[in-house]
Amino acid sequence: MPNTTPSDNAPAAKEVEYSDLHRGEMLERTQWAREFSWHQLQVLARHMRTFEAENGTLLFREGDRGSYMCLIARGKASVVKGDQSYGMKYLATLGPGKTFGEMALFDAEPRSASVVATEKTLLLVLTKEGFEALAAEMPQLALRLVMKLARMMSERLRKTSGALSEHLERIDK
């Protein structure tokens, strides 16, 4: 049955059925294909679910808990974060091949930002349960995935640290 409500295990979007082969082909059309073999993409695809979100759909809300990450197969989404005056700050627009929500696979902490579809968007979703099943089936592939996600999160942290440093007080004043 399609999931159309937010939960810990799926975005607030409509689940759509695609074959494992089709999900593997979707992965192959992203930058992920450079780091994984076709066989590895097929195995990874078996552990993912597919969701479609209309423009304006809240994929997850800052502060909510979740246990899934999303990879955009088609479409775009904006990442936004609340500020101290209860306004929203735009952080990024993500397109095909980009991921969000990766930290939820590793910790039980609340989401650090909100993500909203800015056009009709097709998502490949890996839940914590899907990741754990992947790790049981192919531990080496799961490790390779963890290393890819760690590199992506490290790159984002370095970029964020660089941007933050522009707003900090200089120590040589």
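The values are calculated or read from the model by the stated rules, or taken from the named source; none is laboratory data. It should be emphasised that the depicted structure is a prediction, and the values quoted were computed from it without experimental measurement. So basically every Cβ, Gly included, is an ideal-geometry build from the backbone, and we count neighbours across all protein chains shown.
Selection of the stretch 33-70 for residues being surrounded by fewer than 23 Cβ atoms within 10 Å (Cβ to Cβ), within 18 Å of Lys98 (Cβ to Cβ) and hydroxyl-bearing (Ser, Thr, Tyr) yields Thr50, Thr57. For the stretch 104-122, a tally of residues being over 17 Å from Met88 (Cα atoms) and crowded, with 19+ Cβ neighbours inside 10 Å returns 4.
The one condition from (1) under 16 Å from Thr121 (Cα atoms); (2) of a type outside the set (Phe, Trp, Tyr); (3) at pLDDT below 95; (4) not in a loop (DSSP other than H, G, I, E, B) that Thr4 does not meet is (4). Scanning the stretch 137-159 for residues that are aliphatic (A, V, I, L, M) and either part of a helix (DSSP H, G or I) or touching a Ser or Thr at 6+ places or on another chain (Cβ under 6 Å) (or both) returns Leu141, Ala142, Leu143, Leu145, Val146, Met147, Leu149, Ala150, Met152, Met153, Leu157. Only one entry of Gly75, Gly101 meets the criterion of being at positive phi, in contact with a Lys or Arg (Cβ under 6 Å, 6 or more places away or on another chain) and surrounded by 17 or more Cβ atoms within 10 Å (Cβ to Cβ), and that entry is Gly75.
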